[in-house]
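Engineer: Let me give you the structure first, and then I'll get to my questions.
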Amino acid sequence: MNKNDEVLTIVGSDPLGFRILKYTILILGSFYAVFPLLWIISTSLKSESAVFSEKLELFPSEPRFANYWDVIKDNDFIFLKWFGNSLIVALGTTLVGIFFASTAAYAFSRFRFKGRETGLFLFLVTQMFPGIILVIPLYQLMVRLGLLNSYIGLIIAYSTTALPFCVFMLKGYFDTVPKSLEEAARMDGLSHFQIFWKIMMPLCIPGIVVTGFFSMITSWNEFMLALTFMSEETKYLLPVGLKKYVFDFKTQWQLVSAAAVMVTFPVLAIWLRVQTALMSGKLSGSVKG
Amino acid sequence: MAEAIKAQKKQVGPAGTGWVVWVFLAPAILAMGLTVFYPLIKGIWFSFTDIDQYSMGNAFEAPSYQFIGLENYKEILFSGDSDLLRVLGQTVLWTVVNVSFHFGLGLMFALLLNHGFKVRSLFRLLLMVPWAVPAYVAAFSWRWMFNGDYGLFNQILQNFHMEPINWLSKPFWAMTAAIATNVWLGYPFMMVSILAGLKTIPGALYEAAMLDGASRFQQFRHITLPMLRPVSLSVILLGFVWTFNMFPVIYLVTKGGPYGSTEILATYAYREAFESWNLAEASTYGVIILSILIVLSTIYSRMTKETRV
């Protein structure tokens with residue numbers, strides 16, 4: 001109560017001019033942040049003639065929802081195929097990623113061993129490697145193994161993109177589990193593997209869900225490897241499919257926008273739900289760096 | 001103290017479990033080895049060879065590329081017609097302008113959001129939206145807004161009876177368009193990090209300052225800024241590396257054009273590799289990018305350490 005009063009007096013003591021300036025900046029800033037999304041939603045609901053006209057309108061006078069159906073049914077439902085490809089790769093990456101991240105996080109959280117600090121540091125350093133130096137050898141490897149245009153190849157390549165972040169995040173969750181639980185379990189004769197599987201994992205389900213979503217979003221949003229490894233049109237992932245629409249001879253912006261909306265909103269919905277948890281984790285990773 | 005540490009060590013790593021930890025680490029180590037460290041070493045090796053799309057081999061043929069020493073480096077660093085310096089200059093411009101805006105906007109929004117007030121969390125949520133948008137979707141949306149014929153910005157200009165701008169076919173405006181896109185994408189990370197940094201500043205510092213009669217500006221100058229220093233240094237370094245390597249925005253907003261004037265090292269090297277199939281040269285560019293980043297971040301950490309209060 002007291003604290004609230006204090007905050008109120010501080011805010012109250014802001015000069016009026018300062019408060020007006022503050023709200024003006026925040027409102028303009030929020031408008032700037034949201035506007036590009038509003039604009040593609042608006043474009044996605046316009047008819048072709050409305051898109052290619054001189055008139056400026058944010059709310060289309062005759063919204064045309066059929067654009068979405070046009071995108072979906074185009075070229076034998078190829079958009080759904082791309083959507084499915086992206087989904088398969090994202091789910092595969094998530095499962096594999098959680099496996100790698102949770103086992104490593106358990107080791108970093110519960111064991112002291114030689115090279116522990118170095119290992120944690122190396123995870124962070126890999127974030128600095130330029131993608132271009134890795135993508136050429138990976139491409140050669142995929143060609144040699146015949147894994148171009150395969151889900152497996154891409155899932156392998158993606159499995160470590162989000163790994164450093166996921167390890168730090170899950171380690172944070174594991175660290176909060178009291179050691180006494182494990183001691184009790186060891187008294188009962190459980191091995192480390194049983195403790196990991198039967199105690200740690202169930203207790204840290206919220207953390208696993210959050211890292212899982214993060215892996216999924218990372219995979220869903222990745223562009224360069226998807227562009228390089230999936231070159232057959234039926235194997236395209238969404239980003240590459242959309243690129244094809246944009247750089248076609250005559251870009252149908254209302255259709256591109258409809259596709260972009262369908263790609264973005266699943267991610268946006270997930271992101272807004274897990275944002276607070278992600279923020280704290282992302283930060284502890286970056287500050288330690 | 002030492003006793004306590006010893007006791008803790010004993011507790012978390014009981015004797016006789018030495019091998020168990022490696023079983024837990026093995027999956028991550030193997031995966032990182034296969035997808036990060038093996039390609040890194042191989043990529044560096046490629047920069048000393050003449051590898052191209054034929055000599056790299058395939059599922060049926062063994063690779064036939066050969067070691068050629070420093071030829072690629074000579075070609076890029078010392079031949080007169082190399083694009084390295086021009087593209088490096090563009091990359092530095094791109095990175096510095098972007099990170100400055102990211103940090104400036106992030107700091108401004110974070111400071112405004114720091115005090116408790118109604119609708120604060122709504123503003124925070126709205127301001128974070130760009131972070132949730134895939135970079136390639138952002139690139140397409142901005143490319144559309146910058147469209148020369150029917151794009152939003154030209155429509156606005158025309159409504160005010162001004163000449164439309166051919167955004168993507170003039171070097172200066174194309175760079176502006178690409179930077180505008182990336183500024184939009186990148187400031188929320190800085191904002192959120194700085195906001196978290198602000199939360200760690202003890203309120204007692206401000207109370208003491210108020211008792212001493214320090215003005216708002218003095219509080220900001222002598223408490224807020226110094227206390228934000230560690231988090232700022234980290235996010236600026238991270239932002240610098242990420243922006244330096246930012247691929248999709250340039251590749252999709254301007255395609256590096258017009259005439260390569262908005263190309264940065266990352267997109268230039270990618271195009272060399274997968275459009276011209278000069279795999280050896282592109283690998284060499286990759287090594288050069290990595291070296292630049294290592295040198296710059298080392299200098300950066302040294303400098304910021306020396307001036308640390």
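The values are calculated or read from the model by the stated rules, or taken from the named source; none is laboratory data. Please read these numbers as outputs of a predicted model, since none were measured by experiment. With ideal geometry, Cβ positions are generated from the backbone for all residues, glycine too; neighbour counts draw on all protein chains shown.
Engineer: Looking at A:Thr126, is it surrounded by fewer than 19 Cβ atoms within 10 Å (Cβ to Cβ), out of contact with any helix residue (DSSP H, G or I) (no Cβ under 6 Å at 6 or more places or on another chain) and hydroxyl-bearing (Ser, Thr, Tyr)?
Structural biologist: For A:Thr126, the condition - surrounded by fewer than 19 Cβ atoms within 10 Å (Cβ to Cβ), out of contact with any helix residue (DSSP H, G or I) (no Cβ under 6 Å at 6 or more places or on another chain) and hydroxyl-bearing (Ser, Thr, Tyr) - is not met.
Engineer: Working only within region A:226-254, note down all residues that are within 10 Å of another protein chain (Cβ to nearest Cβ), within 28 Å of A:Ile98 (Cα to Cα) and not small (Gly, Ala, Ser).
Structural biologist: Residues satisfying the conditions are A:Leu227, A:Thr228, A:Leu238, A:Pro239, A:Val240.
Engineer: Hey, another quick one. Just a yes or no: is a residue in region B:131-141 part of a helix (DSSP H, G or I), within 13 Å of another protein chain (Cβ to nearest Cβ) and at pLDDT below 90?
Structural biologist: yes
Engineer: For B:Val87, are the conditions met, namely being in contact (Cβ under 8 Å) with a residue 40 or more places away in the chain and either among the polar types (S, T, N, Q) or within 13 Å of chain A (Cβ to nearest Cβ) (or both)?
Structural biologist: Here the answer is yes, as B:Val87 does meet what is asked.
Engineer: I would also like to ask the following. Pick from region B:250-292 the residues that are free of Cβ contacts under 8 Å to residues at least 60 places away in the same chain and not in a helix (DSSP H, G or I): which of them is farthest from B:Gly186 (Cα to Cα)?
Structural biologist: Of everything passing the filter in region B:250-292, B:Ser276 is farthest from B:Gly186 (Cα to Cα).
Engineer: Here's something else I'd like to know. Among the residues of region A:73-100 satisfying the criterion of being in contact (Cβ under 8 Å) with a residue 40 or more places away in the chain and more than 30 Å from A:Gly207 (Cβ to Cβ), which is farthest from the chain's Cα centre (by Cα)?
Structural biologist: The residue in question is A:Asp74.
Engineer: Using the structure shown, decide if A:Ile205 is surrounded by fewer than 22 Cβ atoms within 10 Å (Cβ to Cβ), out of contact with any strand residue (DSSP E or B) (no Cβ under 6 Å at 6 or more places or on another chain), in the same structural domain as A:Ala90 (by TED's automatic domain parsing) and at pLDDT below 90.
Structural biologist: yes
Engineer: Within region A:208-224, which residues are surrounded by fewer than 22 Cβ atoms within 10 Å (Cβ to Cβ) and within 12 Å of chain B (Cβ to nearest Cβ)?
Structural biologist: Selection gives A:Phe213, A:Thr218, A:Met224.
Engineer: Within region B:247-266, take every residue that is facing chain A (nearest Cβ under 10 Å) and on the phi < 0 side of the Ramachandran plot and give me the one that is surrounded by the fewest Cβ atoms within 10 Å (Cβ to Cβ).
Structural biologist: Within region B:247-266, the match that is surrounded by the fewest Cβ atoms within 10 Å (Cβ to Cβ) is B:Phe247.
Engineer: Residue check, A:Phe223 against (1) in contact (Cβ under 8 Å) with a residue 24 or more places away in the chain; (2) closer than 25 Å to A:Trp271 by Cβ, all met but one. Which one?
Structural biologist: (1)
Engineer: Here's another thing I want to ask about it. Any idea which residue in region A:260-285 is modelled with the highest pLDDT, counting only those that are farther than 18 Å from A:Val34 by Cα and not hydroxyl-bearing (Ser, Thr, Tyr)?
Structural biologist: A:Val274
Engineer: Go through region B:142-171 residue by residue and tally those that are free of Cβ contacts under 8 Å to residues at least 40 places away in the same chain, surrounded by 14 or more Cβ atoms within 10 Å (Cβ to Cβ) and at the interface with another protein chain (Cβ under 8 Å from one of its Cβ atoms).
Structural biologist: 6
Engineer: Right, next: When both residues are 6+ apart or on different chains and their Cβ atoms are under 9 Å apart, which pairs have a first residue that lies in region A:259-275 and is more than 10 Å from every other protein chain (Cβ to nearest Cβ), and a second that is assigned to a helix (DSSP H, G or I) and polar (S, T, N, Q)?
Structural biologist: Sorted first by the residue in region A:259-275, then by its partner, the pairs are A:Met262/A:Ser44.
Rundown of residues vs (1) closer than 27 Å to B:Ala269 by Cα; (2) among the hydrophobic types (A, V, I, L, M, F, W, C), yes/no style:
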{"site": "A:Asn85", "(1), (2)": "no, no"}
{"site": "A:Thr94", "(1), (2)": "no, no"}
{"site": "A:Thr103", "(1), (2)": "no, no"}
{"site": "A:Arg112", "(1), (2)": "no, no"}
{"site": "A:Leu120", "(1), (2)": "no, yes"}
{"site": "A:Thr126", "(1), (2)": "yes, no"}
{"site": "A:Phe129", "(1), (2)": "yes, yes"}
{"site": "A:Ile133", "(1), (2)": "yes, yes"}
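Engineer: Return the residues of region B:204-216 that are under 19 Å from B:Gly116 (Cα atoms) and surrounded by fewer than 10 Cβ atoms within 10 Å (Cβ to Cβ); say none if nothing qualifies.
Structural biologist: B:Ala204
Engineer: I'd like to verify a number: residues in region A:32-49 that are touching a residue at least 60 places away in the same chain (Cβ under 8 Å), in a helix (DSSP H, G or I) and over 26 Å from the mean Cα position of the chain (by Cα), how many?
Structural biologist: 1
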